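Trainee: Questions regarding the structure given below will be posed in turn.
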Amino acid sequence: MADSQANPPAIPEELLALRQQIDTLDRDLLALLNQRAALALAVGEIKKKEGSVVFRPEREAQVIDGLKTLNPGPLKTESIAPIWREVMSACRALETPTRVAFLGPAGTFSEEAALGFFGASIVRVPCASIDDVFRTTAAGAADFGVVPVENSTEGVVARSLDIFLTTPLFIIGETSLFVRHNLLRKENHLDGIEAVVAHPQALAQCHGWLSAHLPQVERRPVSSNAEGARLAGLDPKLAAIASARAGSEYGLHLVAPAIQDDTHNRTRFAIITDPHRHPTPRASGHDCTSLVVSVTNRPGAVHDMLVPLKQHGVSMTRFESRPARSGQWEYYFYIDLQGHPDDPQVATALRELRGACAYFKVLGTYPLDVH
């Protein structure tokens, strides 16, 4: 035994040769990345003189789309976006740090969405609530905010939609995230749990599993899943529903993995910013325009509102209603359209749609999520 440990088996020459080739390519890649970073700095200097913004979501979407089209393999096409987002994030950080607000604390799916969209080279600004994400971004303490707007299981995130009615912020991007909920706890078993703490959406998305495995246990809503994980790290009688990353952050055991009722559970997030500090993204070729509208309460009003979309061939990909809270059974309608206002048919449809509405607000125009 001692001899085998003292004399480990020799590495085959074929493997050594391949490792040497990889080392050489890694050095070449590092040199090329630094060349790219130098060019990004030069671009940044020009942008400073022009007074233009550093982050252009439509430009980054076009870069990633172009590379995916050119990819010959064997690198998987779905690997292109996360790799290049990190490259662009690191280059962008050389020009100016990007501050991004999200629902905190550390370990939330909102933080994960922020990192997935902007890359890791950002200044993270965790907030105590969705309201605080909007406030922090509007106040200029963050350049961008990331807020959840829709879940594939539970539908819209009502609070985010309600705030869009009054906020000066608008949407310049979107990203969606596969949501894998785990039961986390200080103890590595289910015995003695007095309450499960999580965001209300997570509690709803895990209703079936909780009813089957912890039917008598209190379900206690908190501001975020990561906040639930933090609390569970302080009290062994609590269990949290959160990401594995949150479990690592707060020293918890993963007692039960993937307890969400829908195995394809995804959450969609909007990237928000101040229109006075950031221009509307230009057309990228695959864009979404989000609106909120209302119509007078009369027969056929909703039908009349949608007629311009059909007449001009504009596809509607989302249609949600929310009570106007006026006490008159009136509603706001949240609509996503395919296309950009620079497209003539979209511009015409929007102009006619505005004329048919009592309330009309464009929430943002942005490139569709790039995977």
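Trainee: Taking the alpha-carbon centroid of each part, what is the distance from the range 227-251 to the range 119-193 in angstrom?
Mentor: Rounded to whole Å, the Cα centres lie 18 Å apart.
Trainee: Let me ask something else. Are there any helices in the chain, counted as whole DSSP H runs, that stretch 18 Å or more along their axis by Cα and score at least -1.0 on average by Kyte-Doolittle, and if so which?
Mentor: 13-50, 57-70, 80-95
Trainee: Among G119, L291, T267, flag the residue with its Cα farthest along the positive direction of the charge dipole of the chain, charges on Cβ as +1 for Lys/Arg and -1 for Asp/Glu.
Mentor: L291
Trainee: Where is the GNM fluctuation largest for the chain (alpha-carbon springs, 10 angstrom cutoff): R19, R245, R27?
Mentor: R19
Trainee: Roughly how much of E330 is accessible, in Å² to the nearest 10, using a 1.4 Å probe?
Mentor: 80 Å²
Trainee: In addition: Once you compute Rg and the Kirkwood Rh from C-alpha atoms, what is the Rg to Rh ratio for the range 210-300?
Mentor: Answer for the range 210-300: 1.16.
Trainee: Just the number, please: carbon plus sulfur as a percent of the accessible area of the range 1-157, 1.4 Å probe, no ligands or DNA/RNA counted.
Mentor: Reported share for carbon and sulfur atoms: 60 percent.
Trainee: Further question: Arrange the residues M316, M88 by how much accessible surface each exposes, largest first, with a 1.4 angstrom probe.
Mentor: So the residues, ranked largest to smallest area, are M316, M88.
Trainee: Pick from S176, S79, S290 the residue whose mean-square fluctuation is largest in a GNM of the chain, springs joining Cα atoms under 10 Å.
Mentor: S79
Trainee: Determine the order of I22, I83, I272, I122 by accessible area, beginning with the largest, at a probe radius of 1.4 Å.
Mentor: I22, I83, I122, I272
Trainee: In square angstrom, what is the accessible area per residue of the chain with a 1.4 angstrom probe?
Mentor: Computed with neighbouring chains in place, this is 51 Å² per residue.
Trainee: Keeping the other protein chains in place, figure out the carbon and sulfur percent of the accessible area of the range 293-371, with a 1.4 Å probe.
Mentor: In the range 293-371, the share of accessible area belonging to carbon and sulfur is 51 percent.
Trainee: What is the chain's relative contact order, in percent, from Cα pairs under 8 angstrom and six or more apart in sequence?
Mentor: RCO, the chain: 17 percent.
Trainee: Need the C-alpha centroid separation for the range 15-60 versus the range 256-334, integer Å.
Mentor: 37 Å
Trainee: Which whole number in µm²/s is D for the chain by Stokes-Einstein, with the Kirkwood Rh taken over Cα pairs at 10 °C and 1.306 mPa s?
Mentor: 68 µm²/s
Trainee: So for the pair E45, V217, with labels modelled 7 Å out along Cα→Cβ, what separation do we get in nm?
Mentor: Going by the 7 Å Cα→Cβ label model, 5.9 nm.
Trainee: With every protein chain kept in the model, how would you rank H340, H253, H303 by accessible area, 1.4 Å probe, largest at the top?
Mentor: In descending accessible area the options line up as H303, H253, H340.
Trainee: With +1 on each Lys and Arg Cβ and -1 on each Asp and Glu Cβ, and nothing else charged, work out how big the dipole of the range 269-371 is about its Cα centre, in Debye to the nearest 20.
Mentor: 260 debye
Trainee: Hey, what do the phi angles of the range 180-190 turn into as Karplus ³J(HN,Hα) couplings, whole Hz, using 6.51/-1.76/1.60 and θ = phi - 60°, x for Gly and Pro?
Mentor: Taking θ as phi minus 60°, the curve returns 10, 8, 10, 8, 10, 7, 5, 8, 8, 6, 8 Hz for the range 180-190.
Trainee: Let me ask something else. Near K310, which lysines are there with a Cα under 29 Å away, not counting those fewer than 8 places off in the same chain?
Mentor: Filter leaves K361.
Trainee: Something else about it: Please list 3J(HN,Hα) in residue order for the range 360-365, calculated via the Karplus relation 6.51 cos²θ - 1.76 cosθ + 1.60 where θ = phi - 60°; whole Hz, with x for glycine and proline.
Mentor: Using θ = phi - 60°, the values come out as 8, 9, 7, 7, x, 10 Hz.
Trainee: Take the chain, connect every pair of alpha-carbon atoms lying under 10 Å apart with a spring to form a Gaussian network, then pick out the residue of G339, G107, G313 with the largest mean-square fluctuation.
Mentor: G313
The values are calculated or read from the model by the stated rules, or taken from the named source; none is laboratory data. All values derive from a computational prediction rather than experimental measurement. Note that each Cβ is placed from the backbone with ideal geometry, even for glycine, and that neighbours are counted across all protein chains shown. When the accessible area is computed, the model is the full protein with side chains, heavy atoms only, and any ligands, DNA or RNA have been set aside. Shrake-Rupley method; radii C 1.70, N 1.55, O 1.52, S 1.80 Å.
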